[in-house]
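Peer 1: Next up is a structure, given as structure tokens.
The values are calculated or read from the model by the stated rules, or taken from the named source; none is laboratory data. Note that the structure is a prediction, hence the values are computed from the model and not measured. Ideal geometry is used to build each Cβ from the backbone, glycine not excepted, and the neighbour counts take in all protein chains shown.
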Amino acid sequence: MFKKILVPTDFSSYAHRMQDCLAQMPGVEEVVLVNIVDGSNPMNLEGKGWSYDSLIDEAQTRLAEQAEHLSHLGVKGFSVKQILKIIVQPMSGADGVDMKRLKPSSRLNLIEGGSIGEAIVKTAAEENASLICMGAQGKGLIEGMLLGSVSTEVLRMSQTNLLIIRHKILNEGKGREKESLCRDIFSRVLITSDFSPAGLEAISAIKNLKGIREILLAHVISKEEEFDEAAKKLNLLREELKGLSGKITVHVLMGHAAQEILSLALKQDVSLIMMGSQGKSWSRQIRVGSTTFDVARQALSPVLVIRPPKG
């Protein structure tokens, strides 16, 4: 299903470790590793002596190193493509003199203004990627913030399926360790649906995934009288998915949709939450619904957001 995966990296240890999860993705043929250099940010340039060349050279070196790391996961048979993009805009150096503008070349892919998140979204569209896989956190993000600003922007703006990977903190204090980012990510999958056409996208998607050991089907109701109908629909979905997994259970929850989904995921210790990007209030102008956004922002486990078909 996910033949071409776009993997943004900021060269943090978190991003590096997150890439190991790609070895678990079935059917991957190509990984596009992309780094966006924010050359419009004076703080990035100041540390490199106000030199674009130094900033770019370091990014190219580190991008090549991570591509080499990914190539060692090539037992899965996928190829690795490297993309480096630089955000530029008129600015002044430390002495107030306008810096010399970079000129486009085969070596440089320049972007006029905008944010890192916007650049990732645009690159995914240009590459026709079937999935964006990125960490929930990046450089400088404090513990306790569950979704970084770049990941949030991609979640809000992109039309490409999105897998958000995050770790769990195992111990408190100085010696804290981080649990493996991808502890068999497709072993215990929670799929949520509100039974709307848009909300059933995750159900359609999981039919193309192999190796899932357990599936939890969940729906959240707001009134008790909705229980029987919800249970009936979930059981029909269970029959539809028979053969995909050795164990499929149904869960009818009542209350606030996002909070109930998060609570179930925690109690059942799921390896992945899988949900459509939108529900009954589907609109092409809104890339992600409020329930999906809240779950992706707060979940402690990885979240796979399935977008509606393009067109």
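Peer 1: If Glu153 satisfies every condition in (1) farther than 19 Å from Leu241 by Cβ; (2) modelled with pLDDT of 80 or more; (3) crowded, with 20+ Cβ neighbours inside 10 Å but one, which is the exception?
Peer 2: In the conditions (1) farther than 19 Å from Leu241 by Cβ; (2) modelled with pLDDT of 80 or more; (3) crowded, with 20+ Cβ neighbours inside 10 Å, Glu153 misses (3) alone.
Peer 1: Name the residues in segment 212-239 that are among the polar types (S, T, N, Q), loosely packed, with under 13 Cβ neighbours inside 10 Å and without any contact (Cβ under 8 Å) to a residue 24 or more places away in the chain, would you? Working first, answer last.
Peer 2: Within segment 212-239, the first condition is being among the polar types (S, T, N, Q), and the residues that meet it are 222, 235.
Subsequent filtering for residues that are loosely packed, with under 13 Cβ neighbours inside 10 Å retains 222.
Once the filter is applied, which keeps residues that are among the polar types (S, T, N, Q), loosely packed, with under 13 Cβ neighbours inside 10 Å and without any contact (Cβ under 8 Å) to a residue 24 or more places away in the chain, segment 212-239 yields nothing.
Peer 1: Would you be able to say whether some residue in segment 115-133 is assigned by TED's automatic domain parsing to the domain that holds Val150, at pLDDT below 90, loosely packed, with under 15 Cβ neighbours inside 10 Å and outside any strand (DSSP E or B)?
Peer 2: No: segment 115-133 contains no residue that is assigned by TED's automatic domain parsing to the domain that holds Val150, at pLDDT below 90, loosely packed, with under 15 Cβ neighbours inside 10 Å and outside any strand (DSSP E or B).
Peer 1: Still on this model: Leu262 - would you say it is without any contact (Cβ under 8 Å) to a residue 60 or more places away in the chain, touching a strand residue (DSSP E or B) at 6+ places or on another chain (Cβ under 9 Å) and outside any helix (DSSP H, G or I)? Give the derivation first.
Peer 2: Values: without any contact (Cβ under 8 Å) to a residue 60 or more places away in the chain: yes; touching a strand residue (DSSP E or B) at 6+ places or on another chain (Cβ under 9 Å): yes; outside any helix (DSSP H, G or I): no.
For Leu262, the condition - without any contact (Cβ under 8 Å) to a residue 60 or more places away in the chain, touching a strand residue (DSSP E or B) at 6+ places or on another chain (Cβ under 9 Å) and outside any helix (DSSP H, G or I) - is not met.
Peer 1: Go through segment 197-221 and give me each residue that's aliphatic (A, V, I, L, M) and under 15 Å from Ile273 (Cα atoms). Explain how you work it out, then say what you get.
Peer 2: So in segment 197-221, the residues aliphatic (A, V, I, L, M) come out as 198, 200, 202-203, 205-206, 209, 212, 215-218, 220-221.
Result: Leu200, Ala202, Ile203, Ala205, Ile206, Leu209, Ile212, Ile215, Leu216, Leu217, Ala218, Val220.
Peer 1: List every residue pair whose Cβ atoms sit under 6 Å apart, with the two residues 6 or more apart in sequence or on different chains, where the first one lies in segment 25-49 and is over 18 Å from Asn161 (Cβ atoms) and the second, anywhere, is of a type in the set (S, T, N, Q) and modelled with pLDDT of 85 or more.
Peer 2: As it stands, the answer is Asn35/Thr9, since those pairs meet every condition given.
Peer 1: Looking at this structure, is Ile185 hydrophobic (A, V, I, L, M, F, W, C), touching a strand residue (DSSP E or B) at 6+ places or on another chain (Cβ under 7 Å) and not in a strand (DSSP E or B)?
Peer 2: Details: hydrophobic (A, V, I, L, M, F, W, C): yes; touching a strand residue (DSSP E or B) at 6+ places or on another chain (Cβ under 7 Å): yes; not in a strand (DSSP E or B): yes.
The answer is yes for Ile185.
Peer 1: Counting only residues that are closer than 13 Å to Ala265 by Cα and not in a helix (DSSP H, G or I), which one in segment 283-303 is modelled with the highest pLDDT?
Peer 2: Val303
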